[in-house]
Amino acid sequence: MKQQLMDGRFSNNEAVHILSALYGAKIEFHEEKIRSIEMTEEDIKHSEKKIKQLQETLSELKRKIQLNEGNGLDIHAEIEVSL
């Protein structure tokens with residue numbers, strides 16, 4: 001099942017806010033997993049690596065958005081759920 005999550009034009013500030021919230025939710029998910037008693041050391045390392053990747057990607061996106069001098073930018077996001 002595919003669902004259009006986002007499809008629009010946003011100001012730089014709006015884009016940073018939206019992307020920070022999306023990436024923040026995924027980072028928080030991994031942080032909660034790390035605090036779980038059921039996590040193995042390998043699982044923890046995987047989540048820590050994923051958190052670092054997400055933080056780096058978000059930081060790079062913010063940097064690029066700050067350099068954007070246009071009239072905003074387009075964000076298109078689709079989510080696919082397989083059952």
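What follows is calculated from the coordinates using simple rules that are stated; it is not laboratory data. Because the structure is a prediction, the values reported are computed rather than measured. Neighbour counts are summed over all protein chains in view; Cβ atoms, including those assigned to glycine, are modelled from backbone coordinates with ideal geometry.
The 3J(HN,Hα) values that the Karplus relation (6.51, -1.76, 1.60; θ = phi - 60°) gives for segment 22-30 are, in residue order, 5, 5, x, 5, 5, 4, 4, 4, 5 Hz. Gly and Pro appear as x. Summing charges over all other residues whose Cβ lies under 14 Å from the Cβ of His76, with Lys and Arg as +1 and Asp and Glu as -1, gives -2. The Stokes-Einstein estimate for the chain, based on a Kirkwood radius over Cα pairs and taken at 25 °C with 0.890 mPa s viscosity, is a diffusion coefficient of 169 µm²/s.
The chain: longest stretch without exposed GluC sites (Glu not before Pro) (DSSP loop, at most 14 other Cβ within 10 Å), sites themselves excluded? The longest uninterrupted stretch comes out as 1-37. Non-local lysine pairs in the chain, meaning eight or more places apart or on different chains, with alpha-carbon distances under 14 Å, amount to 6.
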